[in-house]
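Read the figures in this text as sums done on the coordinates, not as results from a lab. None of the values given here were measured: they were computed from a predicted structure. Here the Cβ positions follow ideal geometry from the backbone for every residue, glycine too, while neighbour counts run over all protein chains shown.
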Amino acid sequence: MTAIKTAMVMAAGYGTRMRPLTDDRSKAMVEVGGKPLIDHMLDRLAEVGVTRAIVNVHAHADHLEAHLKARKQGPEIIISDERDDLLETGGGLVKALPLLGKAPIFICNIDAIWVEFAPALAAMLATWDARKMDELFLLARRDAALGYDGQGDFDMSQDFRLTRRAGKTARYIYAGVEIFKPELAKGFALEKFSRNVIWNDTLRRLSVFGVELPGYWMHVGDPRARDAAEAVLQQANR
C-alpha cells in the first residue's frame, strides 16, 4: 500500500451558509459529534500515517490556529496564510505549493465527514497507482449521503475512471477527499480560481479515478445539516 505523508486541508472558507454558527469561528471549528470538523479530518489522516498537514486559513484565523497549535496528537500542522486574500480552492492550492513537496498528497475538505464500514482512506491508498492516475477521488453514492441535494457529479466506468455527469443525474458525489500530484498545479497562476479548473484537465486526459466510500457520507454545509450529522453520529456510536 502506498504511503502518503502530507495532506492539504482546505479550511479557509467563510462558512457563510453555516451562520450563525460561524459568527465567532471558522467553519472548520464548528463542532459535530463533540469535536470540530477539522479534527474529524485530521484524525482520519493520522490513522493512515499522514505526518504533515498544511492547513489554509482566512476567516477567524487566529482562533483556528490556536486550536491547531493546542492539538496533542496527529499530523504536524503547517499554516498556509490567506488572511489578506482568500484564494478559493485552486488559488489556495497554488499558494501552498512550496509547502507540499513533490510526492502525491491528500487534499481534504473540512465539511465532509462519514460513518465508515471499512477504512475509506486506507482503501484510497490501496487503490492509488501513480503510473496511470493523476488524481484519485473518494466518492459517495447519492443514495448514501446526507446534506446533499444536487444531481451527482461523476460517472464511473468499469475500470474506475471518472467523467463528468453525462445525463441529468449521476450516481456519485465527490466526497471531499482526493489523492493529488502537486505538479499538476504548477502551471497555474496565483489567483482566485476553483480546483475544478485543474480537474477539467485531468478528466480530459482520462487520468482521474474513483474509490467508492464504504459507508455513509455527510456534507455539513449548514446548521440543519450539522444537526442531522450529529444525530447520525450519535446513533452510530451507540
Item checked: Formal net charge of residues neighbouring P104 (Cβ-Cβ distance under 11 Å; K, R +1; D, E -1) -> -2
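Relative contact order (percent) for the stretch 121-238, with alpha-carbon contacts under 8 angstrom and 6 or more residues of separation?
The normalised contact order for the stretch 121-238 reaches 38 percent.
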Next item on the list: Output the antiparallel fraction of DSSP beta bridges having both residues in the stretch 1-64, as a percent to the nearest 5.
Entry: 25 percent
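What ranking, highest mean first, results for peptides 17-24, 97-104 when packing means the other Cβ atoms within 10 Å averaged over each residue? Kindly include the intermediate steps, with their values, before the conclusion.
Values: 17-24: 13.6, 97-104: 15.8.
Going by the mean number of other Cβ atoms within 10 Å, highest first, we get 97-104, 17-24.
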Checklist line | Expected 222 nm ellipticity per residue - DSSP helices of 4 or more, -39500 (n - 2.57), all of the chain, to 500 | finding: -8000 deg cm²/dmol
Note to self: Taking every DSSP beta bridge with both residues inside the chain, roughly what % is antiparallel (nearest 5)?
What the structure shows: 50 percent
Notebook entry, point to check: Taking only C-alpha pairs under 8 Å that are 6+ residues apart, what is the relative contact order of the chain in percent?
Noted result: 26 percent
Margin query: Students often forget the sequence filter, so: which aspartates and glutamates lie under 14 Å Cα-Cα from K168 once same-chain residues fewer than 8 apart are removed?
Written below: D149, D153, D155
Item checked: Sequence-distant aspartates and glutamates (8 or more away, or on other chains) whose Cα lies within less than 14 Å of K186 -> D134, D201
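When a/c is below 1.5 the answer is rounded, else prolate if a/b is larger than b/c, else oblate, so apply that to the stretch 6-236 with a ≥ b ≥ c taken from the square roots of the Cα gyration tensor eigenvalues.
Values: a/c = 1.44, a/b = 1.13, b/c = 1.28.
Cα axes put the stretch 6-236 in the rounded bin.
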Item checked: Greater than 21 Å apart at Cα, pairs in K72/K95; K27/K102; K5/K192; K95/K192; K5/K72; K5/K181 -> K72/K95; K27/K102; K5/K192
Check: If you take the beta carbon distance between T51 and K132 as r and set R0 to 25 Å, what does 1/(1 + (r/R0)^6) give as a FRET efficiency, to the nearest 0.05?
Finding: 0.40
